[in-house]
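Report on one structure; see the data block that follows.
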Amino acid sequence: MKPPVQIEGLSKRYGGLTAVQDLDLTVRAGEVYGFLGPNGAGKTTTLRMLLGLIRPTSGQVRVFGARPGEPGHLRSVGALIEGPAFYPYLSGRDNLRLLARYAGTGAHRVPVVLDLVDLTDRAGDRYAAYSLGMKQRLGVAAALLKDPRLLILDEPTNGLDPAGMADMRALIRRLGAGGCTVLLSSHLLGEVQQICDRVGVISKGRLVAESSVAELRGTAALRVVAEPVDRAASVARALFGDDRVRVVDGALELAVPPERASAVNAALVDAGVAVSELRLRERDLEDVFLELTSGGLTHVA
């Protein structure tokens, strides 16, 4: 079976500016894949090429084995890119009915998707009266009208309050558990960490990492606050070697198993070092993201 998304050597240039460079990316069936990068890293440009909205300069894009824009591609994909656009004076329900007609799907899907995004009670209100979060949820509902095998979402929690974000997380998890493949871009790393099976990190148009969230975060470290820190670092390096010991913000970070904590404490105390804190520190996705991207930005989304 062809993977839902297969990208090979994908590049997009605008004159002398390179937005995406030699990108290779595969999204597997049934997974929730997080596509991460700083603003301007090339995320939205990549998603537009994936949907056939813009042409790549070079490289290949396949969705379930079809090229973007082919009928087989369009039938299988639902998407929300850079925010929804609807008729402001139609109700949410009527906007979806109109889209369902153009998409060739039956109107029976409209109440289903309204219920999925918790908009049934406000479905009769004009779109112009919707809050930003409600507009975002209606956009997700529109993307689900065709009951797609692949759902592409660009910042799906934009404008949602904490409760709405929790509901969206739950919906994405349900879709993934039900066999729908979800590819989402987001700058909210905590959200991605909670819902994605794998992530790809893009920086300056290039993929710099791709793995499961757990693999990307790596092993936990011990954080030790001690005085004097120089002597503490010397003791730790003698125990574990230079490559496992770092001094970060005036504290030690030791890349050692948590069960070595008591041995570390004993060695430091024996060396006359005063230990005021010793705890397990797990790297979150934000730490990894900042390391991989180094804060670098380009000027194309």
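The values are calculated or read from the model by the stated rules, or taken from the named source; none is laboratory data. Because the structure is a prediction, the values reported are computed rather than measured. All Cβ positions, glycine included, derive from the backbone under ideal geometry; neighbour counts span all protein chains shown.
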- Select from the range 49-85 the residues that are over 18 Å from L153 (Cβ atoms) and without any contact (Cβ under 8 Å) to a residue 40 or more places away in the chain and write down the one among them that is surrounded by the most Cβ atoms within 10 Å (Cβ to Cβ). A66
- Quickly run through the range 8-26 and pick out the residues that are farther than 12 Å from M49 by Cβ and β-branched (V, I, T). T18, T26
- Note on the structure: With criteria (1) touching a helix residue (DSSP H, G or I) at 6+ places or on another chain (Cβ under 6 Å); (2) free of Cβ contacts under 8 Å to residues at least 60 places away in the same chain, K146 comes up short on (2)
- Filter result (farther than 13 Å from L183 by Cβ and aromatic (F, W, Y)) within the range 41-97: F86, Y87, Y89
- Item | Unmet requirement for L96, which otherwise passes all of (1) under 25 Å from A166 (Cβ atoms); (2) touching a residue at least 40 places away in the same chain (Cβ under 8 Å); (3) touching a strand residue (DSSP E or B) at 6+ places or on another chain (Cβ under 9 Å) | (3)
- Query: Would you call G164 in contact (Cβ under 8 Å) with a residue 12 or more places away in the chain, more than 13 Å from the chain's Cα centre (by Cα), outside any strand (DSSP E or B) and under 30 Å from S131 (Cβ atoms)?
  - Reply: yes
- Message: Take the residues in the range 224-260 that are under 36 Å from the mean Cα position of the chain (by Cα) and among the β-branched types (V, I, T); name whichever of them is farthest from V273 (Cα to Cα).
- Response: V256
- Selection count where residues are in contact with a strand residue (DSSP E or B) (Cβ under 8 Å, 6 or more places away or on another chain) and under 17 Å from A100 (Cα atoms), scope the range 114-146: 10
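Collect the residues in the range 91-148 that are over 30 Å from A29 (Cβ atoms) and within 27 Å of the chain's Cα centre (by Cα), keeping them in residue-number order. Step through it out loud before you land on a result.
The initial filter retains those residues of the range 91-148 that are over 30 Å from A29 (Cβ atoms), namely 91-95, 97-98, 120-135.
Once the filter is applied, which keeps residues that are over 30 Å from A29 (Cβ atoms) and within 27 Å of the chain's Cα centre (by Cα), the range 91-148 yields Y130, S131, L132, G133, M134, K135.
Let's see how each residue does on (1) closer than 30 Å to G159 by Cα; (2) buried (at least 17 other Cβ atoms within 10 Å of the Cβ):
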residue: V182; (1), (2): yes, yes
residue: L189; (1), (2): yes, yes
residue: G200; (1), (2): yes, yes
residue: G205; (1), (2): yes, yes
residue: V213; (1), (2): yes, yes
residue: V225; (1), (2): no, no
residue: A236; (1), (2): no, yes
- Any chance D167 is of a type in the set (D, E) and modelled with pLDDT of 90 or more: no
